[in-house]
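The structure under discussion appears below in the form of structure tokens.
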Amino acid sequence: MDKDILGLGNALTDVIINIQDEGLEELNLKKGCACSSSIKKLEKILKEKEKEIKFIPGGSPSNTIVNASQLCTLCGLIGAVGKDDIGSMYHKDLSKNDVLDYVSDLNGKSGRCYILVTPDGERTMVTDIGVAGSFRIPFDIFNEYRIFHTSAYELRSNKTATLEAMKHARKNKLIVSFDMADPFIIEKIKKDIQEALNYTDMLFGNEQEVKALTDLSPEQAIGELADLCGIAVIKKGAEGSLIKSKNDKMIDIKGYLAKNFVNTNGAGDAYAAGFLNYFLNKNDLTACGMYGSLVAAQVCEREGARLS
């Protein structure tokens, strides 16, 4: 185990578009969520905003892995891209950020996540997954790592492979870290997520996600989640986070405010990167939570979901 975190992620490239609240209403999109929508609905705004659009490699676990790498953690990423310019850019980004690249090149279109950012900095996402969910698991590399990290997004795109990877990680004594992803995703695949929690050692979710999964408040749910997974982390945005390990008292962590706030894109992924980085360095859970909040605040000062 000479490496730190192995991530499994839908290798999506973020397509960032600034939009007014009225534009979201016209597209019939629920603000702040990962929405299900036809990409054709976005064609008009894509044409109107063509010169302003920014392309940034992303994907939830991928963001966590890249940010953790930038915090001097040795990481690798499993995923899949198409044999196109977007896919080539994705590989170059992993190399630039010193992430070990286990991303397959497949025939088809690389995945994209359209991120619509409103003036208040909130982001609403529409995904065109392409080949990103067709990832192949290189099981032989797992025993080189200490932590395996993935999310409910991958569970939705490729349930079989994601669960196989989580089980294999557990079997090989990796700590399995799982992010709940998004309330919309939870509503769609709640039973699958409940199954995945049986193979989870460290669970990350925000207040809305916890409510969608358990129908309980964070304070009520965190004990049950910690008993099931071992460590439960509930993110509360700028207000901080709640952390509980099995048989220990809940910890309430204060958040950090972004000095030059831009948007919330990738804040939760950045929190997980900071938390896991400190956890690997044998810090206590309070320190892990504080560092996670600090890293999340730093990402909120950037347009993309990465520290740089």
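What follows draws every value from the coordinates through simple rules; no lab data is involved. All values reported here derive from a predicted model rather than from experimental measurement. Cβ: placed from backbone, ideal geometry, glycine included. Neighbour counts: every protein chain shown.
Using a/c under 1.5 as the rounded threshold, could you call the stretch 266-308 rounded, prolate or oblate? The axes a ≥ b ≥ c are square roots of the C-alpha gyration tensor eigenvalues, and prolate needs a/b larger than b/c, oblate otherwise.
Details: a/c = 3.04, a/b = 2.31, b/c = 1.32.
Here the stretch 266-308 falls in the prolate category.
For P(r) over Cα pairs in 20 Å bins from 0, in percent, the listed values are [x] 36, 60, 4; [y] 34, 58, 8, 0; [z] 25, 33, 23, 13, 6, 0; which was obtained by calculation from the structure presented?
This structure yields the entry labelled [x].
Take the alpha carbon atoms of the stretch 262-295, find their center, do the same for the stretch 117-156, and report the distance between the two centers in whole angstrom.
The stretch 262-295 and the stretch 117-156 have Cα centres spaced 18 Å from each other.
With a 10 Å Cβ neighbour count serving as the proxy for reagent exposure, in which order, fewest first, do PHE279, PHE261, PHE135, PHE142 appear? Write out the running numbers ahead of the final one.
Details: PHE279 23, PHE261 13, PHE135 26, PHE142 20.
Ranked by crowding around the Cβ, least crowded first: PHE261, PHE142, PHE279, PHE135.
Taking a ≥ b ≥ c as the square roots of the Cα gyration tensor eigenvalues, with a/c under 1.5 meaning rounded and otherwise prolate when a/b beats b/c, else oblate, which class fits the stretch 54-207?
On the way: a/c = 1.41, a/b = 1.11, b/c = 1.28.
Rounded.
According to the square roots a ≥ b ≥ c of the eigenvalues of the Cα gyration tensor, what is the shape class of the stretch 134-208, taking rounded for a/c under 1.5, prolate for a/b larger than b/c otherwise, and oblate for the remainder?
Values: a/c = 2.23, a/b = 1.56, b/c = 1.43.
Verdict is prolate for the stretch 134-208.
Quick one: which of LYS211/LYS236; LYS47/LYS109; LYS3/LYS167; LYS31/LYS254 span more than 22 angstrom between C-alpha atoms?
On the way: LYS211/LYS236 12 Å; LYS47/LYS109 20 Å; LYS3/LYS167 19 Å; LYS31/LYS254 26 Å.
In this structure, LYS31/LYS254 lie more than 22 Å apart at Cα.
Lys/Arg Cβ at +1, Asp/Glu Cβ at -1, dipole of the stretch 191-284 taken about the Cα centre: which of SER245, GLY274, LEU225 is farthest positive-ward?
The residue sitting farthest along the positive end of the dipole is GLY274.
Could you tell me what percent of the DSSP beta bridges with both partners in the stretch 64-130 are antiparallel, to the nearest 5?
Of the beta bridges lying entirely in the stretch 64-130, close to 45 percent run antiparallel.
Give me the distance between the Cα centres of the stretch 24-61 and the stretch 174-238, rounded to whole Å.
So the separation of the two Cα centres works out to 26 Å.
With both bridge residues required to lie in the chain, what share of the DSSP beta bridges run antiparallel, to the nearest 5%? Intermediate results must be reported in sequence, preceding the final value.
Details: 19 of 55 bridges.
Counting DSSP beta bridges with both partners in the chain, the antiparallel share is about 35 percent.
Taking every DSSP beta bridge with both residues inside the stretch 162-308, roughly what % is antiparallel (nearest 5)? Each step should come with its number before you reach the end.
Values: 8 of 16 bridges.
Of those bridges, close to 50 percent are antiparallel.
Identify, among GLY79, ILE53, ALA68, the residue whose Cα sits farthest towards the positive end of the charge dipole of the stretch 31-90, taking +1 on the Cβ of Lys and Arg and -1 on the Cβ of Asp and Glu, with the dipole about the Cα centre.
The residue sitting most towards the positive pole is ILE53.
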